[in-house]
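The values are calculated or read from the model by the stated rules, or taken from the named source; none is laboratory data. Here the structure is a predicted model, which is why all the values come from computation and not from measurement. Neighbour counts are summed over all protein chains in view; Cβ atoms, including those assigned to glycine, are modelled from backbone coordinates with ideal geometry. Each accessible area value is taken on the protein alone, full model and side chains, heavy atoms only, with ligands, DNA and RNA left out. Shrake-Rupley method; radii C 1.70, N 1.55, O 1.52, S 1.80 Å.
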Amino acid sequence: YLFRDVCRGIDYWFEHPDRLASLIGVRDSSDGSDCSCPSTTRARPSAGDPARQAITPALGNGLVHVGDAEAEVLRKLGPPERRQAFDRVDWLVFSRRHGLDVIIDHATRKVQNVQFNLGYPGRLASGLGLCSSMEEVIVRSGGMTQRVRVPRYEVESQGGNRVLVEVTNGVYVFRNACRGVDYWIGRDRKVSQIVTYRSTRYVPGPNCPAP
């Protein structure tokens, strides 16, 4: 499956209909304001509280948290702009109003992950955010432990700590499964999406420090 958002410069590829497999940046958009990182990072205007816009690994932001009930998400964000149903999850799109998407698990009707898209103004405590460079992500995350190249449908199987995954030519995911945060990086070597989730692979130790 392919879900294409040409205006925002992002394609989502699904090898299996129940999970997000990969992402590819598209640059021939119809709306230049949201389709690439500007020469100087400029956030989309927002009346939101900056404290609520901050991104927290393994959690989300000040409004939407991993583990929240779907009803609570809808109460806070309103109806989604689009809803796409797959075998095990629903994909709720709030990109235009809130700069994020939410994945809801069918079995629990709770948030499985929160996806922050281009234009979202919030950042992590490390200072990383949308349009940060790949080099910044690696350095501020504590370095890279491994670099691999895998097909699109194997991205989620790469659950190690601080692993740089090359999905296709020039498109990467920096996976920090120990902390519950992924950085999708486009061909311009800048972050095009940040995904937070509760990692099921978390094992305390020297290679997986506490968040």
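Tell me the accessible surface of Lys110 in square angstrom (1.4 angstrom probe, heavy atoms of protein chains only), to the nearest ten.
Approximately 100 Å² of Lys110 is accessible to the 1.4 Å probe.
Go ahead and collect, in residue order, the members of segment 105-130 whose backbone nitrogen is under 11 Å from a label point 7 Å along the Cα-Cβ direction of Leu77.
111-117
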